[in-house]
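**Q** Got a structure here, written out as structure tokens. Questions coming.
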Amino acid sequence: MSTHTYKKFEDLDSGALPDKMTVYQECLQAFNASPVQAKRCRLLLSRLLRLLYCGESFPTAESTTLFFSISKLFQHNDYSLRQLVYVAIKELSAVSDDVLMVTSSIMKDIQNGEIIYKPNAIRALARVLDGTTIHAAERIMKNSIVDKNQSVSSAALVSSYHLLPVAKDVVRRWTNETQESISDSKSFPSQQFLTHEYYGANKLPLSTYTYQYHALGLLYHLRNHDKMALMKMIQQLSTNSPLKNSLAIVQLIRYIGRIIEEDSGLTQTLFPLLASWLRHKSDMVELEAAKTILSLPGLTGEQHLQAINTLQVLLSVPRTVTRFAAVRILNRTAMKNPEKIVVCNVELESLINDSNRSISTYAITTLLKTGNSDNVDRLIKTISGFMDDISDEFKIIVIEAVRTLSLKFPEKHQSMLSFLNDVLRDEGGFSFKNAIIEAIFDIIKFVPESRESALETLCEFIEDCEFTELAVRVLHLLGTEGPKTPNPTLYIRHIYNRVVLENSIVRSSAVIALSKFALLGDESISKSIKILLTRCLSDVDDEVRDRAALSLKLLSSKDIEEAKVYLAPSVKYSLPILEQKLALYVSGDKDTFSTPFDISSIPTITEEEAKAYEYKEKTAADTEEIASPGKEDKEDDSQNEVFKQNLLHQQYSQELASIPEIAAYGTLLHSSAVVDLTEKETEFVVTAVKHIFEDHLVIQYNVNNTLTDIQLDDVTIVSQPDAEDVFVEEFIIPIEVLKPQAEAAIYVSFSRAEGIEPGVFVNTLSYTSKDVDPATLEPAEGDVGFPDEYQIEELQVSPGDYITPAFVGNFTHVWDELPNEQSAVYNLKDVTSIEESVSGLIKSLSMMPMESSEIVSSSSHHTLKLYGKSLGGARVATVIRLASTAKGFMMKVQVKSDDEIVSESVANNVV
């Protein structure tokens, strides 16, 4: 083809989309012509597919006409045209009528057609079939799965994925063929030598074994409800080594990781398999095995070291993508356990000047987490040299590392602040600037001697800040921290400049920040602040005027404590619960307004607690996997943990208030986390949530029917407590009808005794089973079904269900002043590591870890400090000492509380 001819075709199909109706008319003419012009039809089909891929659609009637016009092209034997025909049929089958009419033509091509378009025919057939016609093609699909050509086999296996929602039971019968496909040897077509115009003969590989990856994925979907079958599959595929495709091995490693997450007892059994892949010839297999091992908490330090040694070797390979993946995994590990990767510091040092800036960024941020105070200044200086060469996503990673390092080495805060000040002046988006501001906020909070220099940096920043939200946050901090400095008047000028120069939102925040300086009690400062606030009374925005007027009114009163309550409150209200209470108050009848709204019923949290929750959330986020470049950032203004819990509490409260029998119980005091009562692979998946009221316990059983052809009627739970004198059953709200693939809730109510009363409930799922038609999801008329029962696991009500996590600034002081102490000693037989025990104790006791005691630094001993409040308001402090012995782990629990019964109940029911 000449250059001029090529440009003519290029101009014809580039730029704007072709006209839809023109393409439609030309397609009908060309496809119905006799004889068929293959070249013209290929061009029109490509334009039609371009329209469909760009989101254009045709009405059902036109789509059907196009569909059957395209089917006439089966008469032509041009291979390229036949391939495009199947692609077009696959796209139009979803919106056309009577698509089953072409089934016989497609099946004929699969059986006797040429190998070049046979995979396309299989993929098109999967889109045409439905639940009623798949039986006719079952033998063809089975033969295609075990076909010796890997392209045909892969097409059949991938098509089986798409058929799972249509006819899962039919596809399940192909398990043997899928298993055989994994171990079978398949290859490309027999023509192994192709002659190139310039390069001569080129020998193709016999096989890429990609079909193993597709077959393994399908086999997992067919067996993921049977743990024993999965374990058998893993043993077969790892022992005999039939997997030769790296993607398939990576997928198998991920399946092993999921199984271990669901059942930690299999960790030591499956670890040798993961360790064997640390010495694989493929880099991606080694990386996936190392990443999985480092993410498993139940392994020892020596087992983690095997994975780290593998990554250490991969840091020196010439392939850029491998070095990037290895240093990224090490960076994620360093966020939680920096001491484990100190052995890699030499290799990481060599990557600082790597030509790939992404690798050098990860290397430096990892060294920042594992380094010592001696090399901090050198690393910071190195970072400053290439900050302009990396994207905002990687800049944020660097800022997070600097923030962590500044808290680790507070004596180096001056160099950290200098670095943050420099990058704050650089160009960048909101996420980048917000990360810097967050880092400076944390330095101010946890390194008090840095306050003056950090506030000065923030004052300079808001002079030309383009983000309103950041300016508001900085002004709030200046109003809070500025009055605590030796020279508070220094910040008043910067704040008042915002009143003069900024938009109304920033001006409103500046008014409140200014008013806080008048609460110091200094007459000269108060007089100046009142003069400035008086000027704000003539502002054009009513929000600014109202805030200025309120502040002047409060500051003019003689009661300075009352002014502090409104201008600098020490507590915050739970906004989700406040919203719920106000909505119920406003939606009530006229008699409701005869009594004033009771603000005292809204839970509050102190400023100190809010900051502690926020810091805990940041620390937890640091241990998560770093998002790859291009991934959307998380919401920067995410609420802290306590407000998330309140939001879930509000949801439960609304659901339970809609049930008349439960609404009479009054306010919901506490709801537990979701407890699994069955395996996730079972036919009926049951979970439970415990709701505590003042005099009642309501257990919400969520039942999920995973079957596709069974309907459950009269579904209920028979729940028998071991302490029948403490928990007395009152009523059960069953599920009348539970359709296939549906989920609903059963509520069982018990009256309960006062105080913290643990108990164990034996549960049995009772129901009437009916077969349904897969097409209509309705049982046959007159089918009465048959009753059946299903035993599920016991549900334990522990002291943690009566306790909410709380924060205290000085744990030792509270511990010393609490009067009632109880202690107990336990031998832990089923625990494999201290980390596992610590995470389980925090979850079961529902208390907040204090003094970063949730971080385990030793595998032989640890002390966990927890604090919370009972539903009755009593403070609860717990100190748990864990130690490793020759026979397992030993645990000593000491509990102190304002209430003696609470102390005794918690100490005696920890496990």
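**Q** Show the residue pairs meeting these rules: Cβ distance below 7 Å; 6+ apart or different chains; first residue within the stretch 414-436 and basic (K, R); second residue part of a helix (DSSP H, G or I).
**A** K433/L470
**Q** Within the stretch 820-837, is there a residue that is in contact with a Lys or Arg (Cβ under 9 Å, 6 or more places away or on another chain), in contact (Cβ under 8 Å) with a residue 24 or more places away in the chain and buried (at least 18 other Cβ atoms within 10 Å of the Cβ)?
**A** Scanning the stretch 820-837, I find at least one residue that is in contact with a Lys or Arg (Cβ under 9 Å, 6 or more places away or on another chain), in contact (Cβ under 8 Å) with a residue 24 or more places away in the chain and buried (at least 18 other Cβ atoms within 10 Å of the Cβ), so the answer is yes.
**Q** So which residues in the stretch 493-505 are over 20 Å from I440 (Cα atoms), part of a helix (DSSP H, G or I) and touching a residue at least 12 places away in the same chain (Cβ under 8 Å)?
**A** Within the stretch 493-505, Y496, N497, R498, V499, S504, I505 meet the criteria.
**Q** Can you confirm whether the stretch 540-551 contains a residue that is part of a helix (DSSP H, G or I) and among the polar types (S, T, N, Q)?
**A** yes
**Q** Something else: How about the stretch 477-492: which of its residues are under 14 Å from K445 (Cα atoms) and either among the aliphatic types (A, V, I, L, M) or outside any loop (DSSP other than H, G, I, E, B) (or both)? Break it down into steps so the answer makes sense when it comes.
**A** We begin by selecting, within the stretch 477-492, every residue under 14 Å from K445 (Cα atoms); these are 477-478, 480-482, 484-485.
Of everything in the stretch 477-492, those that are under 14 Å from K445 (Cα atoms) and either among the aliphatic types (A, V, I, L, M) or outside any loop (DSSP other than H, G, I, E, B) (or both) turn out to be L477, L478, T480, E481, G482, K484.
**Q** Now a separate question. Which residue pairs have Cβ atoms under 7 Å apart, sit 6 or more places apart or on different chains, and have a first residue in the stretch 450-464 that is under 24 Å from L501 (Cβ atoms) and free of Cβ contacts under 8 Å to residues at least 40 places away in the same chain and a second that is basic (K, R) and crowded, with 22+ Cβ neighbours inside 10 Å?
**A** Close Cβ pairs (under 7 Å, with a partner that is basic (K, R) and crowded, with 22+ Cβ neighbours inside 10 Å) amount to I462/R498.
**Q** I'd like the full set of residues that are more than 20 Å from V506 (Cβ to Cβ) and in contact (Cβ under 8 Å) with a residue 60 or more places away in the chain, limited to the stretch 524-574.
**A** Listed by number, the list holds a single entry, S574.
**Q** Mind listing whichever residues of the stretch 298-316 are crowded, with 18+ Cβ neighbours inside 10 Å and not in a helix (DSSP H, G or I)?
**A** Listed by number, the residues that qualify are L299, L315.
**Q** With the structure loaded, tell me whether L237 is more than 29 Å from the chain's Cα centre (by Cα) and crowded, with 20+ Cβ neighbours inside 10 Å or whether it fails that test.
**A** Considered against the rule, which asks whether it is more than 29 Å from the chain's Cα centre (by Cα) and crowded, with 20+ Cβ neighbours inside 10 Å, L237 comes out as yes.
**Q** Tell me whether the stretch 197-207 contains one or more residues that are out of contact with any strand residue (DSSP E or B) (no Cβ under 6 Å at 6 or more places or on another chain), at pLDDT 85 or above and either assigned by TED's automatic domain parsing to the domain that holds T682 or of a type outside the set (F, W, Y) (or both).
**A** Among the residues of the stretch 197-207, not one is out of contact with any strand residue (DSSP E or B) (no Cβ under 6 Å at 6 or more places or on another chain), at pLDDT 85 or above and either assigned by TED's automatic domain parsing to the domain that holds T682 or of a type outside the set (F, W, Y) (or both), which makes the answer no.
**Q** For residues that are closer than 22 Å to A248 by Cβ, part of a loop (DSSP other than H, G, I, E, B) and modelled with pLDDT under 85, tally how many sit in the stretch 156-188.
**A** 4
**Q** In the list S415, S384, S406, which residue meets the criterion of being among the hydroxyl-bearing types (S, T, Y), assigned to a helix (DSSP H, G or I) and closer than 23 Å to E463 by Cβ?
**A** S384
**Q** Among the residues that make up the stretch 301-308, is at least one of them free of Cβ contacts under 8 Å to residues at least 12 places away in the same chain and closer than 23 Å to G265 by Cβ?
**A** The answer is yes, given that some residue of the stretch 301-308 is free of Cβ contacts under 8 Å to residues at least 12 places away in the same chain and closer than 23 Å to G265 by Cβ.
**Q** Identify all residues within the stretch 777-827 that are part of a strand (DSSP E or B) and among the hydroxyl-bearing types (S, T, Y); write none if there are none.
**A** Y790, T804, S823, Y826
**Q** Could you list all residues from the stretch 731-752 that are farther than 30 Å from L777 by Cα and surrounded by 14 or more Cβ atoms within 10 Å (Cβ to Cβ)?
**A** S749, F750, S751, R752, listed by residue number.
**Q** Can I ask one more? Output the residue which, of all residues in the stretch 81-122 that are assigned to a loop (DSSP other than H, G, I, E, B) and not β-branched (V, I, T), is surrounded by the most Cβ atoms within 10 Å (Cβ to Cβ). Can you show your working first?
**A** Here is the first cut: in the stretch 81-122, the residues assigned to a loop (DSSP other than H, G, I, E, B) are 93-98, 113-117.
If we keep only those that are not β-branched (V, I, T) too, we end up with 93-94, 96-98, 113-114, 117.
Working: S93: 19, A94: 10, S96: 23, D97: 12, D98: 9, G113: 19, E114: 11, Y117: 21.
Restricting to residues being assigned to a loop (DSSP other than H, G, I, E, B) and not β-branched (V, I, T), the top hit is S96.
**Q** Spot the failing condition for G55; the list is (1) part of a loop (DSSP other than H, G, I, E, B); (2) touching a residue at least 40 places away in the same chain (Cβ under 8 Å); (3) not aliphatic (A, V, I, L, M), and only one is missed.
**A** For G55, the exception is condition (2).
**Q** Okay, next question. Within the stretch 442-460, can one find any residue that is surrounded by 15 or more Cβ atoms within 10 Å (Cβ to Cβ), over 17 Å from H413 (Cβ atoms) and of a type outside the set (S, T, N, Q)?
**A** Yes, the stretch 442-460 contains a residue that is surrounded by 15 or more Cβ atoms within 10 Å (Cβ to Cβ), over 17 Å from H413 (Cβ atoms) and of a type outside the set (S, T, N, Q).
**Q** Every residue in the stretch 690-716 that is within 23 Å of V784 (Cβ to Cβ), in a strand (DSSP E or B) and among the β-branched types (V, I, T), please. Write out each step before concluding.
**A** Restricting attention to the stretch 690-716, the residues satisfying the condition of being within 23 Å of V784 (Cβ to Cβ) are 703, 705, 707-716.
This time we only want the ones that are in a strand (DSSP E or B), so: 703, 705, 710-716.
Within the stretch 690-716, V703, I710, V715, T716 qualify.
Listed here are the residues, each with its yes/no results for (1) farther than 25 Å from Q414 by Cβ; (2) aromatic (F, W, Y); (3) part of a helix (DSSP H, G or I).
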| residue | (1), (2), (3) |
| --- | --- |
| E286 | yes, no, yes |
| V327 | yes, no, yes |
| N345 | no, no, yes |
| I352 | no, no, no |
| T365 | no, no, yes |
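**Q** Please specify each residue of the stretch 147-162 satisfying the condition of being of a type outside the set (K, R) and more than 35 Å from the chain's Cα centre (by Cα). Give the derivation first.
**A** So in the stretch 147-162, the residues of a type outside the set (K, R) come out as 147, 149-162.
Once the filter is applied, which keeps residues that are of a type outside the set (K, R) and more than 35 Å from the chain's Cα centre (by Cα), the stretch 147-162 yields D147, N149, Q150, S151, V152.
For every residue, the table says whether it meets (1) touching a residue at least 40 places away in the same chain (Cβ under 8 Å); (2) part of a strand (DSSP E or B); (3) aliphatic (A, V, I, L, M); (4) in contact with a His (Cβ under 9 Å, 6 or more places away or on another chain).
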site	(1), (2), (3), (4)
E661	yes, no, no, no
E681	yes, no, no, yes
V718	yes, yes, yes, no
E736	no, yes, no, no
I746	yes, yes, yes, no
F750	yes, yes, no, yes
N763	yes, yes, no, no
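**Q** Okay, moving on. I'm trying to understand the selection: among the residues of the stretch 809-822, which are within 16 Å of D899 (Cβ to Cβ) and not hydrophobic (A, V, I, L, M, F, W, C)?
**A** E817, P819, N820, E821, Q822 - these are the residues of the stretch 809-822 that are within 16 Å of D899 (Cβ to Cβ) and not hydrophobic (A, V, I, L, M, F, W, C).
**Q** Identify the residue in the stretch 709-744 that is in contact with a helix residue (DSSP H, G or I) (Cβ under 8 Å, 6 or more places away or on another chain) and under 30 Å from D771 (Cβ atoms) and, among all such residues, is modelled with the highest pLDDT.
**A** Ranking the candidates gives I733 first.
**Q** Can you name the condition, by its number, that F807 falls short on among (1) among the aromatic types (F, W, Y); (2) over 21 Å from D676 (Cα atoms); (3) in contact with a Leu (Cβ under 9 Å, 6 or more places away or on another chain)?
**A** Answer for F807: the failing condition is (3).
**Q** On the given criteria, is L273 part of a helix (DSSP H, G or I), buried (at least 19 other Cβ atoms within 10 Å of the Cβ), outside the structural domain of V675 (by TED's automatic domain parsing) and not hydroxyl-bearing (S, T, Y)?
**A** The answer is no for L273.
**Q** Then there's this: Test of understanding: among L417, L405, which residue is buried (at least 19 other Cβ atoms within 10 Å of the Cβ) and modelled with pLDDT of 85 or more?
**A** That would be L417, the only listed residue that is buried (at least 19 other Cβ atoms within 10 Å of the Cβ) and modelled with pLDDT of 85 or more.
**Q** Follow-up. Is it fair to say K148 is modelled with pLDDT of 80 or more and surrounded by 15 or more Cβ atoms within 10 Å (Cβ to Cβ)?
**A** No: the conditions fail for K148.
**Q** Report whether or not L125 is assigned to a helix (DSSP H, G or I) and either touching a residue at least 60 places away in the same chain (Cβ under 8 Å) or over 42 Å from the mean Cα position of the chain (by Cα) (or both).
**A** No, not satisfied.
The values are calculated or read from the model by the stated rules, or taken from the named source; none is laboratory data. Given the structure is predicted, the values throughout are model-derived calculations rather than measurements. No Cβ is skipped: glycine too gets one built from the backbone with ideal geometry, and neighbour counts run over all protein chains shown.
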